[in-house]
Amino acid sequence: MKPTIQKISCVMLSVILICLTIPVTADASYEIPSTCQVQADTNAAYTVKTLDYSYNHNTYYSLRDIAAVLSGTDKAFSLDITKNAVSLNLGGAYTPVGVENTPWENPENPDIALRRNEFKINGAEVRYYTLIVQLPSGQYDCFIMAADLALILDVDITASDAGSLQIHTQTPLHISLADLERAGYFYGVNSVLIGDATTGDIYYQFQSEMPYPIASTSKLMTCLLTMDALSAGQLSLEQPITVSESAQALSASDDGVIPLTAGDQITVQELLFGALLPSSNECALCLAEAIAGSEEAFVQKMNQKASELGLSQAIFYNCNGLPSYTQEPIPAKRQNRMSAEDMFRLVSYLLKVYPQVTEITSLKSATLQSLDLEVRNTNPLLQNVSEATGLKTGTTNKSGACLVTSLAADDGNIGHDLVVVVFGTEDSIERGRVSELLARYALQVFETGVEETKGEAARENLPTHAEAAVDWILRTARAKRFHEGAEPF
């Protein structure tokens, strides 16, 4: 008996030791310092310090090293980096500090974290995730992804071979979604759709017919029903709404965004600001109760409106997109769901009937006078893309990070609303990066009239067996009916 107990004890001790050891090993490999060779046009190649963050090839590049590489070119920029802030001025002359284009001074992994540091370009705030490192020399350096750098500088960056990059300073950024799809870029998201809401043209779609949880992008339907109530005279923008006990309880919960107290009054306009900018769940609930008397009755209106608009994959359980639990002894956890195609249809309708919604969603911040509170917009593209006019972010554990973006464009005759729908990215970092790339692609297609991926991707992905062929035919037919404005089947 004793030997058996000893064996069991040894096994348990081994398991405990392994469990204690593994996290330490994983943490130690989160930032892997290395170098690569970077060349601008036909100039000589330079050594650029890199950091692989969390995963191999999730690479961030030294901004100081890149600034030295681009010095004297049309894409030169000056740079100032402090402990948690970066200031970059396009066209400025970079002043070296002595650490550029050299290998790492210390081969040990730096103790840093990926974060949204203060970042300004030509004095204007932008939102990019970066790594700021204090080098052994005492100087600070900033590490940024090549994709973000290409967006900032509007240049094409290619990998000539392993461990080297080529920056084409004379070539504007060109985004090929066919290349990205072939590389598996969109496998990290649930679905994507890019289109022109004004004409109904679809520029690109990936798994767009499948329904997924949509989190707080649900508030766009709440906004639509609020606009309907305003149009019908049921509400007015300056009408005060009394905060209910349920809204106060939601405000005090872990999902609360804005502090609300039962009995307080806040105007309809301020509730819209709260719901659409900082994504206040309690403000959405106040609007729902003001329009329908209860959230349950409002949800019926949401599903009825979805049916009227032909949103065949949409189902709503609440007004804000939070997980919704049934009242059973063993509760089911449900979330509002919709396909990217449905969201595009919803947003197209919203922007057509109530274009004034972008007067709210384009605001970077607003003051709620009733609460003496300033709120900020959670949409990062408003800082990075001048054409962005909204619309809504959303995140839950199940949905991932979602973003529905609207962009203002003009063909010389009329204005257009371009829309980018991104559902289910891993986190807000990827949400912003994917959405900005797709926003730039939407503008690229609108300006050039060239949809590179439409025919190319279709030819490469033709079905090879009967079941897939039938599914492909049905999806193509649904898309055609969507473009023609017909009801889906």
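The values are calculated or read from the model by the stated rules, or taken from the named source; none is laboratory data. This one's a predicted model, so the numbers in the text were calculated from it and none came from an experiment. Here the Cβ positions follow ideal geometry from the backbone for every residue, glycine too, while neighbour counts run over all protein chains shown. Only protein heavy atoms, including side chains, enter the accessible area calculation; ligands, DNA and RNA are left aside. Shrake-Rupley method; radii C 1.70, N 1.55, O 1.52, S 1.80 Å.
Per-structure values
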| item | result |
| --- | --- |
| Residue tally, condition under 23 Å from Asn190 (Cβ atoms) and in contact with a helix residue (DSSP H, G or I) (Cβ under 7 Å, 6 or more places away or on another chain), over the stretch 367-397 | 12 |
| Any hit, the stretch 364-371, residues being surrounded by fewer than 20 Cβ atoms within 10 Å (Cβ to Cβ), of a type outside the set (D, E, K, R), assigned to a strand (DSSP E or B) and free of Cβ contacts under 8 Å to residues at least 60 places away in the same chain | yes |
| Yes/no for Thr198 being of a type in the set (S, T, N, Q), in contact (Cβ under 8 Å) with a residue 12 or more places away in the chain, outside any helix (DSSP H, G or I) and touching a strand residue (DSSP E or B) at 6+ places or on another chain (Cβ under 7 Å) | yes |
| First in the stretch 228-253 and on the phi < 0 side of the Ramachandran plot, second anywhere and open to solvent by 50 Å² or more (accessible area, probe 1.4 Å) and among the aliphatic types (A, V, I, L, M), Cβ under 7 Å, 6 or more apart | Leu230/Leu237 |
| Only listed residue being surrounded by fewer than 18 Cβ atoms within 10 Å (Cβ to Cβ), over 23 Å from Glu430 (Cβ atoms), among the charged types (D, E, K, R) and touching a residue at least 24 places away in the same chain (Cβ under 8 Å), chosen from Asp74, Asp65 | Asp74 |
| Check on Ser324, within 24 Å of Ser428 (Cα to Cα), in contact with a strand residue (DSSP E or B) (Cβ under 7 Å, 6 or more places away or on another chain), surrounded by fewer than 18 Cβ atoms within 10 Å (Cβ to Cβ) and at pLDDT below 95 | yes |
| Residues that are polar (S, T, N, Q), assigned to a strand (DSSP E or B) and crowded, with 23+ Cβ neighbours inside 10 Å, drawn from the stretch 390-424 | Thr393, Thr405, Ser406 |
| Filter pass, Val133 being open to solvent by less than 60 Å² (accessible area, probe 1.4 Å), β-branched (Val, Ile, Thr) and in contact with a Pro (Cβ under 7 Å, 6 or more places away or on another chain) | yes |
| Verdict on Gln207 being under 25 Å from Lys49 (Cα atoms) and surrounded by fewer than 21 Cβ atoms within 10 Å (Cβ to Cβ) | no |
| Filter pass, Ile291 being assigned to a strand (DSSP E or B) and either hydrophobic (A, V, I, L, M, F, W, C) or touching a Ser or Thr at 6+ places or on another chain (Cβ under 9 Å) (or both) | no |
